[in-house]
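Single-structure report; data block below.
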Amino acid sequence: MDSSAPETETRAAVREVVAPLWCEALAVPEVSDDDDFFALGGHSLAALHVISTVEQTYGVELAGPRDIWENPTLGAFVSAVAAAVAGRVPAPPADGRAAAASTGTGE
């Protein structure tokens, strides 16, 4: 049995919900996985709207607009939300900001 099948299904289901939220918040007709929220005109209030709706829809707690700032493309954001929905913690950003923040060292 392919263990990635449920993860892929969860991600696809999350994308079906999140993509229209992005379209609504950004006032665009469609978005692709490579589209950047902020490059399409997104701002903090739009990000809050998306985050709030995702949290209400899935009953999960996200890190607020930071989730979109750290995952600005639709594909990355969907993966982060799918991880939260599946009960997994998404990987920290590649630049190590989360590790520095969690240790309080800021290094």
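Taken together, the values in this text are just the output of simple stated rules run on the coordinates, not laboratory data. Quick caveat: nothing in here was measured; it's all calculated off a predicted structure. All Cβ positions, even for glycine, are placed from backbone atoms using ideal geometry, and neighbour counts span all protein chains on display.
The simple spin-label model puts a point 7 Å past each Cα toward its Cβ; for SER52 and TRP69 those points are separated by 1.9 nm. Each residue, GLU7 and ALA86, gets one label point 7 Å from its Cα in the Cβ direction; the gap between the two is 0.5 nm. Per-residue packing, averaged as other Cβ atoms within 10 Å, sorts the ranges 16-23, 27-34, 77-84 into the order 77-84, 16-23, 27-34, beginning with the highest.
For LEU45, LEU40, the sequence from fewest to most other C-beta atoms within 10 Å is LEU45, LEU40.
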